[in-house]
Structure formats: structure tokens, C-alpha cells
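The values are calculated or read from the model by the stated rules, or taken from the named source; none is laboratory data. Nothing here was measured: the structure is a model prediction, and the numbers come from that model. With ideal geometry, Cβ positions are generated from the backbone for all residues, glycine too; neighbour counts draw on all protein chains shown.
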Ligand code: GDP
Ligand code: MG
């Protein structure tokens, strides 16, 4: 989706003055792109209508940068569609907080239960995981394993008891053992069915959770919307967690789920590791969908792995677009520490798109590292020095073909250019830009 929208918008950006027809044409493209991204058609219709009303308005067509204005409106409407950022969990002020996870089989309930209990633990609370999936073979064992990985206790009673009774017993256990948050991992089925729904309603009625969180797989696109609608109508959910967003290139589910359920997306799952859970930020998601990168998430992520000072420096460099090969190298090395590389590249403005065809794997990073390490200090700080003979020397030194060196330099230059544009945009927006 991002690529498509980027093309549409670069078309708009080039034009000086727009006619109403230009806007209409561009929006038709936007509409097709959204539908193709598997965004629910009702959502698309509302979206296009809202954008069109605003974009064909007087102040846009008469402005000096109508293309930019349209992009701004598309961005704002996207943010609105995905709702406010409300990613805080509600805790019970007196007594134990109950969080109930619901969703189809394979959506990521068990994994996300563990991820969330990790976050809760970080807040200084004492979570307890309760294993209520008695159907899926080895489901209990799975919860025990992930529980152990994040060092959160798991309450189980085997698979011979009714889930509602296990849940109640789990709550009692928590009371006795001083746990203040109970996370209930329930069973899902491959498709929505009555027995599953009845069972979930029974658990919900008897435990009265503060948070009933629906876990949906972002990669299922339109289906995610149907699932969300049904669960919300039959059980009632307080929030949604979109999982596997790391594998979802289309972004359709994120756009539609909120609109259809009117329930906030609280977290997004960004990978299989138990730390890959992030708060959902509609504004950043919109920027990401529009292909402008997600600098803030990148920085937040970096802060977990490197110290804050370094992250701030990086942010400053990104903003000022003074970005040398040393930074490039440093970033690569941090990326290795941080995990999923493609995901991080997507967050750097312009980077995701350029590197799409490069297919970055760990090996690729070692090659890049080898090349940069073969540059002199001066060359790294001032890539303009890199003439052909220097490049040949670097190629020899790194054991990579000259063409790899050229490719890297080109990539670097492109991303630098993108960053310049990007930081220009941020400056233009002043303090209250779209990223703040
Ligand atoms: P459940 O049946 O709903 O409990 O789903 P599980 O928690 O067992 O997850 C099903 C699969 O999805 C597992 O292989 C998980 O590792 C994987 N998974 C869960 N969340 C994510 C995510 O955010 N990203 C990716 N890539 N995989 C995930
Ligand atoms: Mg499970």
C-alpha cells in the first residue's frame, strides 16, 4: 500500500496548481490502492468522501502547494480513521485486574498474553498467566514455556476442567499469592463458532474483566474486520491488538478494524519475540502507510537497546540530514542488536522502499559492514570523496565486487536525500508537526 500511495503522491507533489479534476483523479487512485490493500469498502467510501470534501475546498486549490495540502489531508483523515492513541491498560483500583484475551486460533493470543504480561511486569506489577485453552494440543505447555521466558508465573489445571472454572481458580490463586493482574489466555477456533463464543461469554460474565482484548491477525486483511465485528458484538471487547503487523505489507486491517468496531487498537505485535509488542500510534501508522517512515518508533526502539543520549544524537542527525557512513555503520550494528532488520528499515524515511529489492538478510549486513570498514575515516565522514579509484580500493579491501560498493554509495546517497526532504518537511511543520 505504501508504495502505491507514494507513487500517487509524488505525482501530486510535482504539480504546481491542481484542478478539481487532478484531485479527483488522485483520489480515485487512492481509493483503488486502499481497496487493493484489503481495506473494508465501507471504510474506503467514508474516507474518500471526507478527503474529497476537504481537498476540493477553496483553501486547498488556491494554496501555493495544493499537492502537499492534499497529502496533509489524506494523512489527517487516515489518523482520524485509526482513532486516538489510547494504549494504556485499565487497572482495577481495588483488587485484582483481569485481562482476558480472545480471538481466533493462531491469531497470537498466547504469544501476546506473554508479551503483555512482560509489559505489565515492567510497570512493577505482579502478573499471573492463566491457561484456559484446554483444546489445542500443547497449548498449556506453550503458555508455560513463554511464561518462563519472561519470568511470569503460569496457573494451569490441565485440560480436564471447564475453562470458566480454571479462570475462577486462577483468580483465587492470584489472591492467595499476591498477584495483582491476571491474564487469561483463552482458546480460539479456526472459525467463529457458537460454542467458542458461549464459552468466552461465560468466562467474561463470571470474571468481569477490566480489559477484554481482541487479538487479530493483521495479515488476514478483510477477514480481520469480520472477526473484530463479530467478537465485539457477541462478547464485547475493550480494545484490539493487531498481531503480525511485521508481516503485513498492506496495512488494510489497521485501517478498518478501528472504524468497524469503534474500539481502540491498543497494541501491535511486530514479531515473534516476546519483546515485539508496541503501543499503537495512529499518527505514526498513517505516516508509515503514506511511506514517510516512522522515525519516532525507530528512536523508541533504539532507546531500548542503546542509551538515550545516543538515540537523541541519532534523531538530531536524522533531522539535520547529516548522516555519514559511520552513522550508517553504527545503525547497522544497532539494528543487528535490535532484531528484525526489514522492519527497522521500513521505519527510516525512504529506506524501506529503496531497500525493498535488496532483500536484507544478516549476511547482507556483514557485506555492508565489510565495505564501510574498508573506507578511511575521511571517506566515511565525507562520502563525496569517493571517486572511482577509491571505490576500487575499497572493493579490493573488503573483498566485495566494485558494483557492491557502487550500490552501497548510491543507496546511501538516496537515503540522505530522502532525509533532507524529510527534515525539510519537519521544519516546515514547526513544533506541532505530524510526528509530535
Ligand atoms: P493463539 O492460537 O491465538 O494462541 O496464537 P499463538 O500465540 O500460538 O501464535 C500463533 C503464531 O503466531 C505463533 O507462531 C506466534 O509466534 C506467531 N505470532 C504471534 N504474534 C506475532 C507477531 O506479532 N508477529 C509474528 N511474526 N508472529 C507472531
Ligand atoms: Mg493459544
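Here is how the numbers come out for the structure above:
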{"item": "Residues of the range 184-212 classified as away from ligand 1 (no atom under 16 Å from the Cβ) and either without any contact (Cβ under 8 Å) to a residue 12 or more places away in the chain or outside any helix (DSSP H, G or I) (or both), total", "result": "8"}
{"item": "Matching residues in the range 247-278 - criterion: being outside any loop (DSSP other than H, G, I, E, B), modelled with pLDDT of 90 or more and more than 9 Å from ligand 1 (Cβ to nearest atom)", "result": "265, 266, 267, 278"}
{"item": "Qualifying residues in the range 265-275 (those that are more than 16 Å from ligand 2 (Cβ to nearest atom) and buried (at least 19 other Cβ atoms within 10 Å of the Cβ)) - the one farthest from residue 30 (Cα to Cα)", "result": "271"}
{"item": "Which numbered condition residue 108 fails, given (1) within 15 Å of ligand 2 (Cβ to nearest atom); (2) surrounded by 22 or more Cβ atoms within 10 Å (Cβ to Cβ); (3) over 26 Å from residue 286 (Cα atoms)", "result": "(3)"}
{"item": "Given (1) surrounded by fewer than 17 Cβ atoms within 10 Å (Cβ to Cβ); (2) touching a residue at least 24 places away in the same chain (Cβ under 8 Å); (3) within 14 Å of ligand 1 (Cβ to nearest atom); (4) over 12 Å from residue 103 (Cα atoms), index of the condition residue 244 fails", "result": "(1)"}
{"item": "Any hit, the range 162-183, residues being touching a helix residue (DSSP H, G or I) at 6+ places or on another chain (Cβ under 6 Å) and within 13 Å of ligand 1 (Cβ to nearest atom)", "result": "yes"}
{"item": "Residue in the range 94-103 that is over 20 Å from residue 206 (Cα atoms), at pLDDT 85 or above and away from ligand 2 (no atom under 16 Å from the Cβ) present", "result": "no"}
{"item": "Filtered residue count, the range 117-172, keeping only those that are in contact (Cβ under 8 Å) with a residue 40 or more places away in the chain, more than 16 Å from ligand 2 (Cβ to nearest atom) and in a loop (DSSP other than H, G, I, E, B)", "result": "2"}
